[in-house]
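Student: Take a look at this one; I'll ask things after.
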Amino acid sequence: MVMMIKTNPELAKPSLSEGGRYPSSSSNRPESMYQDPSANRQSMAFGNGDGYDHSLSNIQSDEEIEIGHNFTYIPPNPKKYYKRLLEICVQFDLEAMVNLPEDQEVSLGILSPKHLEVINECALRWRLTHTYRVTCFLDVIKYKYEREEVPIECLPEALQMIQKAVEEVTLEDWPRYDADYLSTVFGGLFNIFLGELYEGLEDITKLKPDAINPSIDILQIIRESGLVERYKADIEARLKDLSDRVRVQAVHHYTDKNYELMTAEGDNKALPLLLLTDHLEKQAKLLDKRFPQPLLGELDLVCLALESQIPMFLTDLDSSRRALLEGSITKPPKVPIEDVFALYRRTKTLLQMHKAFCPKSPVDFDLVGFFEPYSPLDFMMELKWPDAYQEARFFTALSKTINKSIEQYCRSIEDLFMEEMFPRPPPEVQQQKQSAWIEKAKLTIQGEKKVEPFNFTPKSMVKLNNIEAARNLLDKMYDRIDADRISAVLEEHGPPVPDKVDRQTFLFTVKICLAENLVPLESSPSAKLDTFVTLSDEKGNRLAKTRTIYESLDPQWDQTFDMSVESTTWLMASVRDKALIGKHDTVGRAYLCLDPRIFGDFMSHDLWYDLDTAGRLLIRVSMEGEKDDIQFYFGRAFRSLKRAETDMTRVIIDKMAPMIRQHLSRSVLKTLVKSTSAAISYDYNKAIGGVTAFYRSAMGTDKADTMIPLPQKEKARIKPEVLTDVEIEQAIVPLFDYFDANFQILHNHLSPTTKEGSGNKF
């Protein structure tokens, strides 16, 4: 610097503005944090009002400078000069590193110690803040990295300096200029590395973590700093560009692979699809292994790839529907059925992967409906079994599995149906136990409680149709397997039955039918019972429980239970009265003996049992030997479906019966006829006929229906006047309104067979 001043003394003088004054602080250093408005920087530095030390004008050489004479040079724009000085030092040190001998140790830092000392001294003399210095260093490294003058390994050092400065002084306490400067540098870095990431995603099938992890790490550091929030809109747009690029690459990759496989020669149309599913699954698993977490917390490569490729595959699969089906039915088949099943399994796997990785982008594809024409049963039937007995054993075991599945299906359907028929009230409206007896007392005082109508829903009717559909499918399966032939093969070729069976199992079917002449526990002559029946074994374990029939002394349950026993077993049938609170009262008991010797004729036995108090109970019992036979398993499955259908139909009738009983009581029937004299006469056939006619109009007519006349003594003694439909409807209009609302649902949503069976029971 001394030599510069010696050569050109004008450098030591301040340059004047056009008005003959020193440049203002706002024109030279508009953002200086150290500017004194009352004094000029240069006059402060050199200690003279004109900013020039005249004692230096006569210096001829360095030797002429007096010992102890010091001065400080502050450039007009210290920050700009500092940045340029830093660029020169970095460039010099980088070139020196390249030319170092191989045996010399390379410095861990970018700047050499001498250069560090120089720039630190300049920063101190020029009064530059530490926050500006670290930001400037990062800016210089960014500048040189963008021009490929420094490797990416130089950036972590600069970022560490920023991080350390932030730990020492929080960003909120940084000078505003320095904070804005850092934000600008970070924004530039973010764009640079987003661009590199964009280029790195050119082929996601060959993408490896090592190729993009350095860029991801730097982007993550910058994003976590929060200094790029001002560029939020731009960053979101760039991230969307990255997502779109991954999708486009996934589509191109799928298209190329699909074209490669589909153009291959061969009649098996399932094979290219199988290879395609295998490829997609492997690629998705590989991406998930390499990138288990979304890039930058948002770019899930597996999700983006599957989101683009799976819908395209499903479209191609659907377009191959006809070719696959036609190829599978040719003789010999061009599309082996085992390939179709393999395609089903792999398509199901892809759908499961799509659901797991792309929960926000569901696909609408009926997998079961697509593969429904390809019956696995047909595949098994077409197998050329070398041994008829082994074939029979296989299909017997299959029928056992079918039976178990049918039983579980019936339980599930009935549970769902019962939840709809007997919905649970929300907790806030559930009656408290302490007020239950008060409610009972009110009913006793006020008389009969008004029946609340129950309205059916279409989904409940669909469940009843499902049971019928399952029965039809089971019929077809029975015929397709040819169960009678299988049973005959087992009987002919099976091993001889041992003379003595250690523990033979018998299957009893116990049907709780009805009870008669039950005696109420209360002394009131109008008291009724809310009864149900339980079956318990000799140890007191409950084996079965019927539904509850309300307010009846002659209840009819009609519920069937299957029980497997190995020897003679005694059961206790207890008729219980349901209590609102506390224990249920016992109305009466009866005892039933399940003895294989008594029921060995395999016929149904209607047994009346007198209760130990009063009344009697009708139970229907039948038995069959439980054996490993295909007809036994199919028969049991048929009974499960029939029992479920009967129970569900009975619930429907029970839901409608209280409304009918309330509106077709004797008092209501009296209003359906007119008296023409003092002697009152009633034509009940006419009244009931009017109601029946309305029912037929809603549910459909049945020629098999016949009118059962009342006994002669109940017929009208005097011919009544003819009643119009309007008069009948006015008398029982609430019931007709109820029929209008519910018969239409039953008529529209029940299958013809189910509707006919329900109508007959109704």
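Student: What about Leu473, is it in a strand (DSSP E or B), open to solvent by 30 Å² or more (accessible area, probe 1.4 Å) and either closer than 19 Å to Asn403 by Cα or at pLDDT 85 or above (or both)?
Tutor: The answer is no for Leu473.
Student: Please give the number of the condition Leu261 fails out of (1) out of contact with any Leu (no Cβ under 6 Å at 6 or more places or on another chain); (2) of a type in the set (A, V, I, L, M); (3) surrounded by fewer than 19 Cβ atoms within 10 Å (Cβ to Cβ); (4) part of a helix (DSSP H, G or I).
Tutor: (1)
Student: Let me ask another. In region 204-218, is there at least one residue being in a helix (DSSP H, G or I) and closer than 17 Å to Tyr143 by Cα?
Tutor: Checking region 204-218: at least one residue is in a helix (DSSP H, G or I) and closer than 17 Å to Tyr143 by Cα.
Student: Can you list the strands (runs of 3 or more DSSP E) lying wholly within region 535-622 that have 3 or more residues being touching a Cys at 6+ places or on another chain (Cβ under 9 Å)?
Tutor: 556-565, 569-577
Student: Across region 532-572, what is the number of residues that are in contact (Cβ under 8 Å) with a residue 60 or more places away in the chain and farther than 24 Å from Phe422 by Cβ?
Tutor: Here the count works out to 4.
Student: Restrict the check to region 96-113 and report whether at least one residue is among the charged types (D, E, K, R), modelled with pLDDT under 90, closer than 19 Å to Glu153 by Cβ and surrounded by 13 or more Cβ atoms within 10 Å (Cβ to Cβ).
Tutor: Taking every residue of region 96-113 in turn, none turns out to be among the charged types (D, E, K, R), modelled with pLDDT under 90, closer than 19 Å to Glu153 by Cβ and surrounded by 13 or more Cβ atoms within 10 Å (Cβ to Cβ).
Student: Scan region 238-245 and give yes if some residue there is of a type in the set (A, V, I, L, M) and either open to solvent by 40 Å² or more (accessible area, probe 1.4 Å) or assigned to a loop (DSSP other than H, G, I, E, B) (or both), otherwise no.
Tutor: Checked against the condition, which is being of a type in the set (A, V, I, L, M) and either open to solvent by 40 Å² or more (accessible area, probe 1.4 Å) or assigned to a loop (DSSP other than H, G, I, E, B) (or both), region 238-245 yields no hits at all.
Student: On the given criteria, is Ser526 open to solvent by 80 Å² or more (accessible area, probe 1.4 Å), at pLDDT below 90, among the hydroxyl-bearing types (Ser, Thr, Tyr) and more than 30 Å from Met603 (Cβ to Cβ)?
Tutor: yes
Student: Something else now. Give the residues of region 198-215 that are open to solvent by less than 30 Å² (accessible area, probe 1.4 Å) and either modelled with pLDDT of 85 or more or within 20 Å of Lys144 (Cβ to Cβ) (or both), sorted by residue number.
Tutor: Once the filter is applied, which keeps residues that are open to solvent by less than 30 Å² (accessible area, probe 1.4 Å) and either modelled with pLDDT of 85 or more or within 20 Å of Lys144 (Cβ to Cβ) (or both), region 198-215 yields only Ser215.
Student: List pairs: first in region 134-150 and over 12 Å from Val185 (Cβ atoms) and acidic (Asp, Glu), second open to solvent by 10 Å² or more (accessible area, probe 1.4 Å) and part of a helix (DSSP H, G or I), Cβ under 8 Å, 6+ apart or cross-chain?
Tutor: These pairs meet every condition: Glu149/Gln91; Glu149/Leu94.
Student: Something else: How many residues does region 568-590 contain that are touching an Asp or Glu at 6+ places or on another chain (Cβ under 9 Å) and either open to solvent by 70 Å² or more (accessible area, probe 1.4 Å) or farther than 17 Å from Glu516 by Cβ (or both)?
Tutor: The number of residues fulfilling the criteria is 12.
Student: Which residue pairs have Cβ atoms closer than 7 Å, lie 6 or more positions apart in sequence or on different chains, and pair a first residue in region 585-612 that is more than 12 Å from Val510 (Cβ to Cβ) with a second residue that is of a type in the set (Phe, Trp, Tyr)?
Tutor: Here the result reads Ala590/Tyr609; Tyr591/Trp570; Pro596/Phe506, each pair linking region 585-612 to a residue that is of a type in the set (Phe, Trp, Tyr).
Student: Of everything in region 150-182, what is of a type in the set (A, V, I, L, M, F, W, C), modelled with pLDDT under 85 and assigned to a loop (DSSP other than H, G, I, E, B)? Give them in sequence order.
Tutor: Answer for region 150-182, where residues must be of a type in the set (A, V, I, L, M, F, W, C), modelled with pLDDT under 85 and assigned to a loop (DSSP other than H, G, I, E, B): just Val150.
Student: Scan region 300-327 residue by residue and report those that are surrounded by fewer than 18 Cβ atoms within 10 Å (Cβ to Cβ) and of a type in the set (Asp, Glu).
Tutor: Across region 300-327, the qualifying residues are Asp316, Asp318, Glu326.
Student: I would also like to ask the following. Taking region 147-184 on its own, how many of its residues are hydroxyl-bearing (Ser, Thr, Tyr) and open to solvent by 60 Å² or more (accessible area, probe 1.4 Å)?
Tutor: Adding up the residues that qualify gives 3.
Student: Search region 722-751 for residues that are over 20 Å from Met659 (Cα atoms) and pair each with any residue that is at pLDDT below 80 and among the hydroxyl-bearing types (Ser, Thr, Tyr) when their beta-carbon atoms are under 7 Å apart and the residues are at least 6 apart or on different chains.
Tutor: As it stands, the answer is Leu750/Ser758, since those pairs meet every condition given.
Student: Then there is this: Please list, ordered by first then second residue, the pairs with beta carbon atoms under 8 Å, 6 or more apart or interchain, first in region 342-356 and under 23 Å from Asp300 (Cα atoms), second open to solvent by 20 Å² or more (accessible area, probe 1.4 Å) and of a type in the set (D, E, K, R).
Tutor: Cβ pairs passing all conditions: Arg346/Asp278; Arg346/Glu281; Thr349/Glu281; Leu350/Glu281; Met353/Glu281; His354/Glu307.
Student: Checking Pro333 against (1) open to solvent by 90 Å² or more (accessible area, probe 1.4 Å); (2) free of Cβ contacts under 8 Å to residues at least 12 places away in the same chain; (3) touching a helix residue (DSSP H, G or I) at 6+ places or on another chain (Cβ under 7 Å), which test does it fail?
Tutor: (1)
Student: Considering only region 270-293, state which residues are without any contact (Cβ under 8 Å) to a residue 24 or more places away in the chain and open to solvent by less than 50 Å² (accessible area, probe 1.4 Å).
Tutor: Answer for region 270-293, where residues must be without any contact (Cβ under 8 Å) to a residue 24 or more places away in the chain and open to solvent by less than 50 Å² (accessible area, probe 1.4 Å): Pro272, His279.
Student: While we're looking at this one, here's another question. Being in contact with a helix residue (DSSP H, G or I) (Cβ under 8 Å, 6 or more places away or on another chain) and over 30 Å from Thr184 (Cα atoms) narrows it down to one of Glu260, Glu281, Glu326, Glu298, so name that one.
Tutor: Glu281
Student: Pro362 passes all but one of (1) in a loop (DSSP other than H, G, I, E, B); (2) closer than 28 Å to Asp484 by Cα; which number fails?
Tutor: For Pro362, the exception is condition (2).
The values are calculated or read from the model by the stated rules, or taken from the named source; none is laboratory data. Quick caveat: nothing in here was measured; it's all calculated off a predicted structure. Every residue, glycine as well, gets a Cβ built from its backbone with ideal geometry; the counts of neighbours run over all protein chains shown. Heads up: the accessible areas ignore ligands, DNA and RNA and are worked out on the full protein's heavy atoms, side chains in. Shrake-Rupley method; radii C 1.70, N 1.55, O 1.52, S 1.80 Å.
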